[in-house]
Each structure stands twice: as structure tokens, then as C-alpha cells.
Amino acid sequence: MNKTLLSAALGAAFLGLGASAASADTLADVKAKGFVTCGVSQGVPGFSNPDDKGEWSGIDVDYCRGIAAAVFGDPKKVKFASLSAKDRFPALQSGEIDVLTRNTTWTISRDTSLGLNFRSVNYYDGQGFMAKKSLNVKSATELSGASVCVQQGTTTELNMADYFKANGMQYNPVVFEKESDATSAFDAGRCDVYTTDQSGLYAIRLKMKNPDENVVLPEVISKEPLGPAVRQGDDKWFHLVSWVHYAMVNAEELGVTSKNADDLKANGSPEVKRFLGVEEGGKIGTDLGVGNDWAYNIVKLVGNYGEVFDKNVGEGSPLKIKRGINALWSKGGLQYAPPIR
């Protein structure tokens, strides 16, 4: 194809993509079909994990249920698509899923070159290493020559390469497409070390045949802001998905919980009533394309951010991860939400 024809073809393709993006209305599509389709992991305890009955739980799962609560007033109007790291972005790009809520790191390349949009962060994480105790290492700086199991197509794989190179260490990567295969290989002794986000390491350690034979090393080697992604060119849906998280964070800051939401809806301060959709300014839900009780439904039916964190990964869960940098900004953490007014 000559340059003139190639330029014309590319231009037509670009215009076609632009037209498609401009006309996108995922919120209308979701309302029409009656449920939200969320892309989740293939099983990460605390984030998105099915039990033996196929029931999903985790922070990312509750995020999806929060979206359904905002749109339908019913957190059960969801369908979960279990996706590998390799398949997650094509599934979102193609429209197979409405939103990706799958412990996915927000990076510049993903935000620009993949046709996706990120904004809110529902878990601030960082990559670490879990090693066999038999290695007798106390630091990641002692891992030169180790074999490391890792999932393919992740920022984890890239960060690992950068870390070993920066520290002048050699290593043998043992790469798997599925996280479950990587963790099984580590558990079976096919590699010395497993690497992923630290939150995942604590969850995965509990699933090992002998958890006490494995130790999570102290180093955190990356920034991993985890949050949902949607397709570009669909602002209405982008805003709604973002504000579901912000509603959960604002609710915790305002002291609104799943247990007291009804009482505060009747007896709360003007700010709380506005948040719950019963005071002047409650039309914010209409502007989002949902009911004015959208925030009330999220908190009442799913919980505020603190409740969701605690039951899935915090003190109320087997993981017992400290809030740390995921505490509210007013308590020394990074969770900060714009005001709802």
C-alpha cells in the first residue's frame, strides 16, 4: 500500500474509532441489559476470589457491587468475568466487560496507549517477594541467583527485571500466564521466590500447603496504585465508576456506615443528608445518570470504604493487613475523596 493510501486508511480508521468513542454510552447499555459485567481476577483472596460455590468476594468485587447498587439499587445485579492478566485489557477494549475491577495497576502506558481511563485508587499497594524459609534470606538484596516465579504480562514482571538489574543481581525468571500456576509452582518448589503485590503475597501465603515455610521479605520495590479501568470516550460511565469509590471514602469520613445509614438519612447533619440524597443538592445523582439515593444505596447495601477494607483484607479478614497508606487522609493515609456537593 502506498503512503497516500495508507494515510487515508489510517485517517479513516482513526475517525471511525473517534466516532465510536464519542457515541459510547456504557451506562445506558448497562441499564438496558439489567446488570454490570465486571472483569475480575482468577482468584486473589481479599480482592476477587470465588468460593467453592462460585460466590465472589473481595475489595474489587465489592467495588463492582457498589456500581450495581448505584445504578440499580441492587448490588446483586452483577456478572463476573474471570480474566488472566493477559486477557484483561482486550476484554475491556472489546466491550466483553463494562469495567475492569481486577487489582490492576494504574500506569501511564495503560492510561494512554490502551484506550483506557483510570482515576480512583481503591488500594495503594507495592510489589514484594515471598521466599522459602529454607533459603535463609532476610532481604530481597540477598536473592542473587534465585529462581523467581512470576505472572506473565504484568507490571510485576517488568518491576522484577528493573530491581534485579538496578542491584546488579542475576536471577532466573519462571514465567506463567496464570497466577494460580505461578503460585502452585512456587508451592511445589519449582522456584525459590514468588513475586507480586505485597497484599497478594499475604493472601497467597495462606493458601500454601505449609504457610509457615514461606516468608514475605520486607522490601517494597514499586508503587502499585490499584483501581478500576473503563474505556476512553465514555465520560458518563467514567464519572460514575470513579464516584462510586469516592462515595465509599466520603461515607467513611462522614461516619456513615451500612448500619447507621437509615438513621442518618433521617437525623444526620445537612452535609450527611445531602450525601444520602435527601437534602438540597441531592440532585447530584441525576447529574450522574442514576437516582439521587445512589450514595445511600452504595453504603447501605455494600458499605463504606473502611467496612469494605476491614472485611476483605483488614482486621476482620484472614489477611489482617493494616490500613497503612490506605487509611483516610485525615488519619495519615492516602485515601482522599473530592467532596460530594
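What lysines could a cross-link reach from residue 331, if we take a straight Cα to Cα line under 18 Å and drop same-chain neighbours fewer than 8 places away?
Excluding near neighbours in sequence, the set is 322.
Report the full-extension gain for the segment residue 315 to residue 271: residue separation times 0.36 nm, less the Cα-Cα distance, to one decimal in nm.
Length gained between residue 315 and residue 271: 12.9 nm.
For every helix of n ≥ 4 consecutive DSSP H residues, a contribution of -39,500 (n - 2.57) applies; sum these over the chain, divide by its total residues, and give [θ] at 222 nm rounded to the nearest 500 deg cm²/dmol.
Details: 14 runs with 142 residues, N = 341.
Only helices count here, giving -12500 deg cm²/dmol.
Using θ = phi - 60° and the Karplus relation 6.51 cos²θ - 1.76 cosθ + 1.60, list the HN-Hα couplings for segment 98-115 in order, rounded to whole Hz, with x at every Gly or Pro.
Using θ = phi - 60°, the values come out as 8, 8, 9, 10, 9, 4, 10, 7, 7, 10, 5, 5, 5, 7, 10, 8, 9, x Hz.
Express the accessible area of segment 191-292 per residue in Å², computed with a 1.4 Å probe while the remaining protein chains stay in the model.
That works out to 42 Å² per residue.
Please list 3J(HN,Hα) in residue order for segment 39-49, calculated via the Karplus relation 6.51 cos²θ - 1.76 cosθ + 1.60 where θ = phi - 60°; whole Hz, with x for glycine and proline.
x, 10, 6, 8, x, 10, x, x, 10, 8, 8
How large is the Rg to Rh ratio of the chain when both quantities use alpha carbon positions and Rh follows Kirkwood?
1.01
What longest range of the chain stays clear of loop-exposed GluC sites (Glu not before Pro) (DSSP non-H/G/I/E/B, at most 11 other C-beta within 10 angstrom)?
56-279
Report, in listed order, any pair from 207/311; 178/209; 77/311; 165/209 with a Cα-Cα distance greater than 25 Å. Intermediate results must be reported in sequence, preceding the final value.
On the way: 207/311 18 Å; 178/209 19 Å; 77/311 21 Å; 165/209 32 Å.
From 207/311; 178/209; 77/311; 165/209, over 25 Å: 165/209.
If we sort 254-265, 160-171, 295-306 on the protection proxy, mean other Cβ atoms within 10 Å, highest first, what's the order?
Top to bottom by mean Cβ count within 10 Å: 295-306, 254-265, 160-171.
Ordered by packing density, taken as the mean number of other Cβ atoms within 10 Å over each peptide's residues, highest first, how do 82-91, 223-232, 199-208 rank?
223-232, 199-208, 82-91
How much length is gained on full extension from residue 206 to residue 341, taking 0.36 nm per residue of separation minus their Cα-Cα distance?
Residue separation times 0.36 nm, minus the Cα-Cα distance, leaves 44.3 nm.
How large is the dipole of segment 199-341 about the Cα centre if only Lys and Arg carry +1 and Asp and Glu carry -1, each at its Cβ, rounded to the nearest 20 debye?
Dipole about the Cα centre, nearest 20: 220 debye.
Are there DSSP H segments in the chain that both extend 20 Å or more along their axis (alpha-carbon positions) and score a mean Kyte-Doolittle hydropathy of at least 0.5? List them, or say none.
Values: long enough: 3-22 (28 Å, 1.35); 235-254 (27 Å, 0.01).
Within the chain the helices that satisfy the rule are 3-22.
Could you check the spin-label model distance between residue 33 and residue 263? Points 7 Å from the Cα along Cα→Cβ, value in nm.
About 4.1 nm separates the two model spin labels.
Suppose we keep just the alpha-carbon trace of segment 112-176; what are its Rg and Dmax in angstrom?
14.6, 45
Show the residues, 5+ positions off or on another chain, whose built amide H is closer than 5 Å to the amide H of residue 304.
Sorted by chain and number, the residues that satisfy this are 258.
Where does each of 328-339, 118-129 land if you order them by average Cβ count within 10 Å, highest first?
Details: 328-339: 13.9, 118-129: 21.5.
So the peptides 328-339, 118-129, ranked by packing, come out 118-129, 328-339.
Just the number, please: carbon plus sulfur as a percent of the accessible area of the chain, 1.4 Å probe, no ligands or DNA/RNA counted. Write out the running numbers ahead of the final one.
Working: 8100 of 15650 Å².
Ligands and nucleic acids excluded, carbon and sulfur give 52 percent.
Provide 180, 242 ordered by accessible surface of protein heavy atoms (probe 1.4 Å), highest first.
Final ranking, largest accessible area leading: 180, 242.
Residue 76 to residue 139: FRET efficiency via 1/(1 + (r/R0)^6), r the Cβ-Cβ distance, R0 51 Å, to the nearest 0.05?
The calculated FRET efficiency here is 0.65.
Return the distance in nm (one decimal) between the two label points of a simple spin-label model at residue 162 and residue 55, each offset 7 Å from Cα along Cα→Cβ.
4.0 nm
Return the distance in nm (one decimal) between the two label points of a simple spin-label model at residue 93 and residue 178, each offset 7 Å from Cα along Cα→Cβ.
Taking the simple label geometry, residue 93 and residue 178 are separated by 2.4 nm.
Given H placed 1.01 Å from N in the peptide plane, which residues other than close sequence neighbours of residue 79 have an amide H under 5 Å from its amide H?
36, 37, 38
Enumerate the lysines that residue 53 could reach by cross-link, defined here as Cα to Cα under 17 Å, with residues fewer than 8 away along the same chain left out.
76, 79
The values are calculated or read from the model by the stated rules, or taken from the named source; none is laboratory data. What you see is a predicted model; the values in this text were computed from it and never measured. Note that we place each Cβ from the backbone using ideal geometry, even for glycine, and neighbour counts take in every protein chain shown. What goes into the accessible areas is simple: the full protein's heavy atoms, side chains included, and nothing from ligands, DNA or RNA. Shrake-Rupley method; radii C 1.70, N 1.55, O 1.52, S 1.80 Å.
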